[in-house]
Amino acid sequence: MKQCTHADGLPHPEPGPLSETCPECLAEGTHPVQLRICLTCGHIGCCDSSPGRHATGHHKESGHPVMRTFEPGERWRWCFVDHVLV
């Protein structure tokens, strides 16, 4: 089974969110379907079901490997590089 090779390098504690919603969606006037938080810097981006796919865009631009859901009651994390749940 494939594992994430990046989780051990994440900052502790997790960074705080830089915003309460996806700033790119806000600027574009679109509505995010669900939010994700970058576990390297705290950037908030929308999921791939949203029109802008800004969490994935943030990963592609920054190289930051792992995000987690920013939805209430959820705690899962995803590694963009290894394509696995962390």
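The values are calculated or read from the model by the stated rules, or taken from the named source; none is laboratory data. Everything numeric in this text was worked out from a predicted model, so none of it was measured. FYI the Cβ positions are ideal-geometry reconstructions off the backbone, even for glycines, and counts take in every protein chain you see. To get the accessible areas, we keep the full protein, side chains included, count just its heavy atoms, and leave off ligands, DNA and RNA. Shrake-Rupley method; radii C 1.70, N 1.55, O 1.52, S 1.80 Å.
One table, with the values for the structure above:
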| quantity | calculated |
| --- | --- |
| Members of the stretch 20-29 found to be closer than 15 Å to Arg68 by Cα and exposed (fewer than 14 other Cβ atoms within 10 Å of the Cβ), listed by number | Glu20 |
| Tally of residues being open to solvent by less than 70 Å² (accessible area, probe 1.4 Å) and either of a type in the set (Gly, Ala, Ser) or closer than 15 Å to Glu74 by Cβ (or both) across the stretch 30-45 | 9 |
| Members of the stretch 64-77 found to be of a type outside the set (D, E, K, R) and free of Cβ contacts under 8 Å to residues at least 40 places away in the same chain, listed by number | His64, Met67, Thr69, Pro72, Gly73, Trp76 |
| Restricting the stretch 47-56 to residues that are among the hydroxyl-bearing types (Ser, Thr, Tyr) and under 15 Å from His31 (Cβ atoms), the residue that is surrounded by the most Cβ atoms within 10 Å (Cβ to Cβ) | Ser50 |
| Failed item, numbered, when His59 is tested on (1) open to solvent by 20 Å² or more (accessible area, probe 1.4 Å); (2) within 21 Å of Leu85 (Cβ to Cβ); (3) not in a helix (DSSP H, G or I) | (3) |
| In the stretch 4-49, the residues that are in contact with a Lys or Arg (Cβ under 8 Å, 6 or more places away or on another chain) and either free of Cβ contacts under 8 Å to residues at least 12 places away in the same chain or not in a loop (DSSP other than H, G, I, E, B) (or both) | Ala7, Arg36, Ile37, Ile44, Gly45, Cys46 |
| Meets criteria (touching a strand residue (DSSP E or B) at 6+ places or on another chain (Cβ under 6 Å) and hydroxyl-bearing (Ser, Thr, Tyr)) for Ser50 | no |
| Filtered residue count, the stretch 36-49, keeping only those that are polar (S, T, N, Q) and either within 19 Å of Glu14 (Cα to Cα) or in contact with a helix residue (DSSP H, G or I) (Cβ under 7 Å, 6 or more places away or on another chain) (or both) | 1 |
